[in-house]
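Below is one structure, written out as structure tokens; the observations come after it.
We did not get these values from a lab; they are worked out from the coordinates using the rules stated. Keep in mind it's a predicted model, so treat the numbers as computed, not measured. Quick reminder, even Gly has a Cβ in these numbers, built from the backbone with ideal geometry, and neighbours come from all protein chains shown.
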Amino acid sequence: MTTPAKSEKDRVVIFDTTLRDGEQCPGATMTHDEKLEVAELLDDMGVDIIEAGFPIASDGDFAAVNEIAKRTKNAVIAGLARAGQKDIDRCGEAIKPAKRGRIHTFISTSPVHMKWKLQMEPEKVLDMVVSSVTRARNYTDDVEWSAEDGTRTEHDFLCRCVEAAIKAGATTINIPDTVGYTVPDEYFALIAMLRRRVPNADKARFSAHCHNDLGMAVANSLAGVRAGIRQIECTVNGIGERAGNAALEEVVMAMNVRNDVLPYWTNIDATMLTRASKLVSAVTSFPVQYNKAIVGRNAFAHESGIHQDGMLKHTQTYEIMTPESVGVKQTSLVMGKHSGRHAFSRKLEELGYKLAGNQLEDAFVRFKALADRKKHVYDEDIEALVDEEIATAQDRVKLVSLTVIAGTMGPQSATLTLDIDGQHQTVQSSGNGPVDATFNCIKKLIPNDAVLELYQVHAVTAGTDAQAEVSVRLAEDGRAVTSKGADPDTLVASAKAYLGALNKLTARRHGAMAGAGRRRIHSTDTI
């Protein structure tokens, strides 16, 4: 029996904006090399369009879009541009090396945005829709136009704008739920109305870009598909501004698992979803919530006795998809102190990591040290170890040693040695508790005005010998960064996390000083 061929009219194009909208999430900024690594994985897993950045936002964004455009093999490379000429010209230059490039231009169309943000009359906005799309067509025949705050736009005016954009040459029309305000039935009706009322609607592909402020980004996107949308704009792990975007892994698996009611398909290799999730989490230092759909640590975990009994009898009693279908390996307890480099390297591949050279060797040395300290080494232990290795590979300041004296008699004290640009420096300090004493040591060696906004500890696995994973968020001059540290000693993990965040702040500060005037455009300027 042959499988029926998939119809092109039922194909949903996946537009990934992890590197643009995802990176605008406070604290989620990626380095140039990290962006290239994420783009390569997105291309390998079958993403159709990669929105690589906002070229006019900074020289760094331009360089990343330009380099990704040079390297990407299959995906269309898109850059975002506001409706102004400078934005579009800069975007056109950035995507120039791509095999297939797209300019994604937008302007606000809702009454509240036009009045307070743009301070423009509707007719002026309509003129800019036409002029921006027309100018973008000078660089590429693949132009996407977005109606920012489209779900709060008056229907008659939205119809006029969409018709004008298509007439000017836009091949994709995006109707964003910019503030996450709409609900599925309402979004379905909006898209159906546009496709019915706009005379030339059949000449463009319609797209959804839904935010998750009310927790309905995925549901709204899929409602749009049912209404005729054939492109979903999404991010890995659902990261993005405020409450984030529609999660790529969720929209893909919703169509895969419930193809009976969502008879659509994508080009995504679903077995790479977990790998993509781990990579994005590592480079952004944004942990994935344990109960996150598809890629969360507990997505395929069962603790309830009733559930365990059912699973042992038949997996479909409590699992609607197999772990393997999204790239999760069932094996969790195979590595130990007797494991060699080859087995370690293979395990990393299974977990979705690709390390080479010194980075692999350093990770292996740390794994062996961990295995000597822990009775059992779980997959989660290895993931925490490697995530930290990736995050700290380029750090100027690294932890060498830490000794803490704590207990009921206080005050608690710490002695810390750091490697700062290759030089070892040692200091002693006290504090209101061992963590405070440790952080005070760091502040003595690295004076700073950063404010500690988050300090969070959790155990990576079960047991009293479990690794502690500490998350730290530091804020300085309106910028916030997050970093993680892992170690069986909670205080060591705390020091690593704090140093990781300081290294990020230092790198940003130096980058800003080296390129004065290259400030990132604020998130309020985007869809």
- Query: When DSSP assigns beta bridges and you keep just the ones with both residues in the chain, what percent turn out antiparallel, to the nearest 5?
  - Reply: 50 percent
- Cα long-axis angle, helix 357-373 against the chain (0 to 90 degrees, to the nearest 10): 50 degrees
- What is the Cα radius of gyration of the range 8-284 over 2.2 N^0.38 Å, N being its residue count? 0.92
- Using every alpha carbon pair in the range 351-444, what percent of pairs falls into each 10 Å bin from 0 up to the bin containing the largest distance? 15, 33, 34, 17, 2
- Message: Using amide H atoms built in the peptide plane, which far-off residues or other-chain residues are under 5 Å from residue 401 H to H?
- Response: 417
- Query: After finding the eigenvalues of the alpha carbon gyration tensor for the range 41-104, what semi-axes result from the square roots of 5 times each, listed largest first in whole Å?
  - Reply: 19, 11, 9
- Message: Suppose each label sits 7 Å from its Cα in the direction of the beta carbon; what would the residue 457-residue 138 distance come out to in nanometres?
- Response: 6.0 nm
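Could you work out the helix-only [θ] at 222 nm for the chain, with each DSSP H run of four or more residues adding -39,500 (n - 2.57) and the total divided by the number of residues, to the nearest 500 deg cm²/dmol?
-12000 deg cm²/dmol
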- Compute the acute angle (0 to 90°) between the alpha-carbon long axis of helix 85-94 and the principal axis of greatest extent of the alpha-carbon atoms of the chain; round to the nearest 10°. 60 degrees
- Show which lysines lie in cross-link reach of residue 6 when reach means a straight Cα distance below 23 angstrom and same-chain residues fewer than eight apart are skipped. 203
- Query: Applying the Karplus parametrisation 6.51 cos²θ - 1.76 cosθ + 1.60 with θ = phi - 60° to the phi angles of the range 469-476, what ³J(HN,Hα) value in whole Hz is obtained for each residue in order, glycine and proline being reported as x?
  - Reply: 10, 10, 10, 10, 10, 10, 10, 8
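Mind ordering 477-483, 360-366 by average Cβ neighbours within 10 Å, highest first? Show your work: numbers first, answer last.
Numbers: 477-483: 17.9, 360-366: 16.1.
Ranking the peptides 477-483, 360-366 by packing returns 477-483, 360-366.
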- Message: Going by average Cβ density within 10 Å per residue, which order do the peptides 437-443, 113-119 take, highest to lowest?
- Response: 437-443, 113-119
- Query: In nm, to one decimal, how far is the residue 432 label point from the residue 226 one, both placed 7 Å along Cα→Cβ?
  - Reply: 5.4 nm
- Subtract the Cα-Cα distance of residue 86 and residue 9 from 0.36 nm times their separation in residues, and report this length gain in nm to one decimal. 24.1 nm
- Taking the Cβ of each residue in 32, 209 as the centre, tally the other Cβ atoms inside 10 Å and list the residues starting with the fewest. 32, 209
- Message: Neighbour counts of other C-beta atoms within 10 Å: give me 489, 395 arranged from fewest to most.
- Response: 489, 395
- Task: Be a star and scan the range 229-267 for residues whose amide nitrogen sits under 19 Å from the point 7 Å along the Cα-to-Cβ vector of residue 99.
- Result: 267
- Counting DSSP beta bridges with both ends in the range 153-309, the antiparallel % (nearest 5): 10 percent
- Residue-wise HN-Hα coupling along the range 13-27, computed from phi with Karplus coefficients 6.51, -1.76, 1.60 (Hz; x: Gly, Pro): 6, 9, 10, 9, 10, 4, 7, 10, 5, x, 6, 6, 4, x, x
